[in-house]
Amino acid sequence: MVRAVVVLFLLFVVNLWMVGSVEFSDTLDSVPPLFDLDDWARCRRPGDVYCVLEAALVSGNQTTLQLLKDYSSQSLRHFNRTLVHRGVCATRCEAEGPAETRARSCVNEGLRPYGVQAQFNNTRSLCVSATSTGHDARALAVLLLALVVLAALATATHIITDRFDVKCPRIVVAFSLRRNWQILTYDRTKPRSDQRMKGVACMEGIRVMGMQCVIFAHVLLLTGTSFIDNPQFLEHIYETFAGQAVMNSPVWLQAFFCLSGFLLSYSTLIGVESSPFTPLKALVAVVNRWMRLTPVAGIILWFTISWLPQLGSGPLWSWYVDSEAEACSERWWYHILYVHNHLPLNKLCMGHTWYLAVDMQLHILGMLLLLVLVRYRSVALPILGTLLACSAAAAGFVVYWYQLTPIITAQSPEDLRTLFSKSSILPKLYLPMWMNLAGYACGMAAAFVLYEIQRKGIKLRDSKLFNLIFHLSLPVGTAIVWLGVSFLHEETPPQWAAITYSALDRPLVAICFAIFMLGCVTKCKSALRSMFAWKGFHTLGRLSYCVFLTHFVILRVLVTSNPQLGHPTTLSLISLLITASVLSHLAAIPLCLLAELPAIELFKALTEKERVPAPIDLDLVVTKRNENV
């Protein structure tokens with residue numbers, strides 16, 4: 001996957017440089033700009049009102065309107081140029097009446113030189129005054145201060161008890177920064193439980209590289225939502241093969257679900273060797289998963305509601321940040337229950353966390369399956385294969401029934417601009433749990449295969465056939481993703497092709513990644529596998545969950561705090577990627593040490609029996625020494 005991503009990224013950068021200087025033709029230079037903003041700094045006096053509006057061009061010069069309609073008809077590659085978006089300081093407009101009425105008059109006045117007039121959408125307008133206030137942020141401040149104080153006291157207690165050789169209670173140690181730092185930086189190649197988990201350490205590298213791909217995708221997404229003076233720069237990305245392939249990269253998200261299903265199943269299979277897997281243990285595991293995800297997600301959710309609106313300002317700040325805070329204040333409990341992937345997309349609240357909802361739902365399903373599969377292992381692969389087939393059939397049926405197109409077509413410029421609020425593909429084909437079952441089922445199947453071959457003493461790395469399949473897995477998966485590019489062409493494939501591709505894209509990619517993952521865990525020779533096994537990825541991989549939660553917030557601040565029209569270029573996108581990645585990892589460290597790891601360790605302290613070291617058999621020690629001699 002990484003080779004394909006690196007090659008694709010290089011092609012993408014080259015293509016961006018090639019299109020970076022491309023502008024509209026002389027004919028289109030005479031049409032009104034897609035975006036425009038009044039000076040935000042000059043609209044901050046007491047009583048000033050700033051309005052952001054969306055307007056449809058409906059009358060005027062018919063030649064211009066027809067030109068815009070023809071250009072916008074290529075909706076998979078172009079913005080809708082018959083809609084214009086304006087930020088206006090209403091109190092500086094000469095018209096009379098309420099602020100929004102005055103702002104509308106200003107917009108039409110600005111459109112007069114182009115010979116067109118606008119009709120305004122009441123649901124896509126927002127006016128804010130210079131004295132607008134946000135939510136109360138004191139409660140979150142108290143919580144964060146309490147976590148810091150608790151961590152300081154627990155750390156001091158832990159250090160003092162160690163110095164005087166006194167046992168520190170596990171509940172106290174759970175909040176110790178000293179202990180949690182050791183967990184964060186622990187060498188994953190030295191597993192504490194079972195040596196078979198040693199090969200899983202390379203998964204940290206996959207997590208880290210996968211997270212960089214996620215950040216890169218969200219850089220493009222949030223750039224597409226901003227007001228920019230060169231929208232043709234983004235449109236021309238859709239004209240390049242590399243840009244089109246990037247738009248289908250969400251299919252690779254099955255790799256994360258595959259990892260999740262594999263780790264759950266493999267650790268469970270190893271655990272049942274020492275104690276049976278019971279319904280009570282399954283329930284505890286589900287609660288443990290909830291405790292692992294919720295504290296950090298809850299803090300970021302609370303931060304989005306209370307603190308984030310007060311961290312900046314700008315023409316788009318209320319348009320995106322304040323509206324998201326309002327949506328989160330209404331929908332927070334859906335997030336706590338991890339069912340928000342089924343909510344309508346018209347109100348965005350931490351949209352990237354739909355993945356957590358799906359992952360939690362798959363985790364519950366995985367636990368129910370394991371209650372049966374660990375006891376009847378002979379039916380594991382048939383059952384998981386059936387689930388894989390059902391997921392594929394469901395995707396194909398949905399595309400057929402609703403006359404949809406594959407996921408790649410759900411990321412047009414206009415879909416990015418509206419953050420998918422009008423998309424019919426995402427809520428039906430992308431966000432439901434059963435549409436992402438392919439990756440999880442393949443991950444669980446890979447765990448059962450690995451466990452059985454280890455039990456039988458089979459070494460996959462010695463098999464020439466498997467090594468060949470292992471090295472072909474990622475190229476084949478990449479080719480499957482690239483096939484989706486055909487649906488962005490002007491002459492799209494027939495509906496039967498859309499049904500077939502939508503049914504098979506994620507299952508086939510998931511199978512390819514599961515094979516690649518098996519090869520990595522069994523230490524097949526590969527430079528890519530060696531890179532993933534680098535110890536430097538261990539700590540970064542442990543931070544990946546906190547990075548996932550924080551990076552979108554950081555990108556939101558970086559993009560929407562701009563008081564002027566943006567001007568995306570190749571260098572600015574790369575700079576935004578690096579900045580967001582670095583800041584996200586820096587923010588993830590205290591979040592992990594103060595919230596994520598304490599919650600995990602506290603739950604363990606309350607539910608697990610403390611391990612007592614086994615007594616040393618002196619006779620056995622003497623015997624071993626004699627044998628060594």
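Details
- Odd one out for residue 591 among (1) under 26 Å from residue 150 (Cβ atoms); (2) modelled with pLDDT under 95: (2)
- Within segment 457-480, at least one residue is surrounded by 13 or more Cβ atoms within 10 Å (Cβ to Cβ), under 30 Å from residue 403 (Cβ atoms), touching a Leu at 6+ places or on another chain (Cβ under 9 Å) and hydrophobic (A, V, I, L, M, F, W, C).
- Every residue from segment 459-494 that is within 19 Å of residue 253 (Cβ to Cβ) and free of Cβ contacts under 8 Å to residues at least 12 places away in the same chain: 479
- Test: residue in segment 50-61 that is assigned to a strand (DSSP E or B), of a type outside the set (Phe, Trp, Tyr), within 19 Å of residue 234 (Cα to Cα) and open to solvent by 40 Å² or more (accessible area, probe 1.4 Å): no
- Of all residues making up segment 229-241, the number that are more than 16 Å from residue 72 (Cβ to Cβ) and surrounded by 19 or more Cβ atoms within 10 Å (Cβ to Cβ): 3
- Residue under evaluation residue 81, criteria (1) open to solvent by less than 40 Å² (accessible area, probe 1.4 Å); (2) part of a helix (DSSP H, G or I); (3) of a type in the set (D, E, K, R), criterion not met: (2)
- Residue in segment 72-93 that is free of Cβ contacts under 8 Å to residues at least 24 places away in the same chain and in contact with a Leu (Cβ under 9 Å, 6 or more places away or on another chain) present: yes
- Residue check, residue 533 modelled with pLDDT of 95 or more and either among the polar types (S, T, N, Q) or open to solvent by less than 70 Å² (accessible area, probe 1.4 Å) (or both): no
- Residue within segment 557-566 that is crowded, with 22+ Cβ neighbours inside 10 Å and not β-branched (Val, Ile, Thr) present: no
- Of the candidates 162, 187, 136, the single residue that is at pLDDT below 95 and in a helix (DSSP H, G or I) is 162.
- Sole exception among (1) within 27 Å of residue 437 (Cβ to Cβ); (2) in contact with a Phe, Trp or Tyr (Cβ under 7 Å, 6 or more places away or on another chain); (3) not β-branched (Val, Ile, Thr) for residue 231, by number: (1)
- Flag: residue 207 matches the condition of being buried (at least 18 other Cβ atoms within 10 Å of the Cβ), among the charged types (D, E, K, R) and closer than 26 Å to residue 437 by Cβ.
- Counting the residues of segment 325-350 that are buried (at least 19 other Cβ atoms within 10 Å of the Cβ), touching a residue at least 40 places away in the same chain (Cβ under 8 Å) and in a helix (DSSP H, G or I) gives 2.
- Residue check for residue 156: farther than 13 Å from residue 598 by Cα, out of contact with any Leu (no Cβ under 9 Å at 6 or more places or on another chain) and open to solvent by less than 20 Å² (accessible area, probe 1.4 Å): no
- Flag for residue 157 being touching a helix residue (DSSP H, G or I) at 6+ places or on another chain (Cβ under 8 Å) and either assigned to a helix (DSSP H, G or I) or modelled with pLDDT of 90 or more (or both): yes
- Qualifying residue in segment 288-310 (condition: more than 18 Å from the chain's Cα centre (by Cα), under 30 Å from residue 37 (Cα atoms) and among the aliphatic types (A, V, I, L, M)): yes
- Here residue 574 does not fit the description of being closer than 30 Å to residue 187 by Cα and open to solvent by 40 Å² or more (accessible area, probe 1.4 Å).
- Being within 20 Å of residue 77 (Cα to Cα), small (Gly, Ala, Ser) and part of a helix (DSSP H, G or I) is a description that applies to residue 484.
- Of the candidates 359, 322, the single residue that is open to solvent by less than 10 Å² (accessible area, probe 1.4 Å), among the charged types (D, E, K, R) and in a helix (DSSP H, G or I) is 359.
- Which numbered condition residue 408 misses (of (1) over 24 Å from the mean Cα position of the chain (by Cα); (2) more than 30 Å from residue 266 (Cβ to Cβ); (3) open to solvent by less than 10 Å² (accessible area, probe 1.4 Å)): (1)
- Residue in segment 254-276 that is surrounded by 22 or more Cβ atoms within 10 Å (Cβ to Cβ) and more than 30 Å from residue 287 (Cβ to Cβ) present: no
- Segment 250-270 residues that are in a helix (DSSP H, G or I), paired with ones that are of a type in the set (Phe, Trp, Tyr) and open to solvent by 30 Å² or more (accessible area, probe 1.4 Å) (beta carbon under 8 Å, 6 or more apart): 253/355; 256/355; 268/277
- Residue 65 meets each of the listed conditions (1) under 37 Å from the mean Cα position of the chain (by Cα); (2) among the aliphatic types (A, V, I, L, M); (3) open to solvent by less than 40 Å² (accessible area, probe 1.4 Å) apart from (1).
- In segment 226-244, the residues that are closer than 15 Å to residue 410 by Cβ and in a helix (DSSP H, G or I): 244
- Note on segment 523-557: residues that are assigned to a helix (DSSP H, G or I) and in contact (Cβ under 8 Å) with a residue 60 or more places away in the chain amount to 23.
- Number of positions in segment 277-319 that are of a type in the set (A, V, I, L, M, F, W, C), outside any loop (DSSP other than H, G, I, E, B) and open to solvent by less than 40 Å² (accessible area, probe 1.4 Å): 13
- For the residues 324, 330, the requirement of being of a type in the set (Asp, Glu) and under 23 Å from residue 214 (Cα atoms) singles out 324.
- Out of 241, 175, 164, 233, one residue alone is in contact with a Pro (Cβ under 6 Å, 6 or more places away or on another chain) and more than 25 Å from residue 585 (Cβ to Cβ). It is 233.
- Any hit, segment 584-604, residues being hydroxyl-bearing (Ser, Thr, Tyr), touching a residue at least 12 places away in the same chain (Cβ under 8 Å) and open to solvent by 10 Å² or more (accessible area, probe 1.4 Å): no
- Inspection of segment 207-221 identifies no residue that is touching a helix residue (DSSP H, G or I) at 6+ places or on another chain (Cβ under 7 Å), of a type outside the set (Lys, Arg) and farther than 30 Å from residue 357 by Cβ.
The values are calculated or read from the model by the stated rules, or taken from the named source; none is laboratory data. All of these numbers come straight from a predicted model, not from anything done at the bench. Reconstructed Cβ throughout: ideal geometry from the backbone, glycine too, with neighbour counts over all protein chains shown. Protein only, heavy atoms only, side chains kept; ligands, DNA and RNA dropped before computing areas. Shrake-Rupley method; radii C 1.70, N 1.55, O 1.52, S 1.80 Å.
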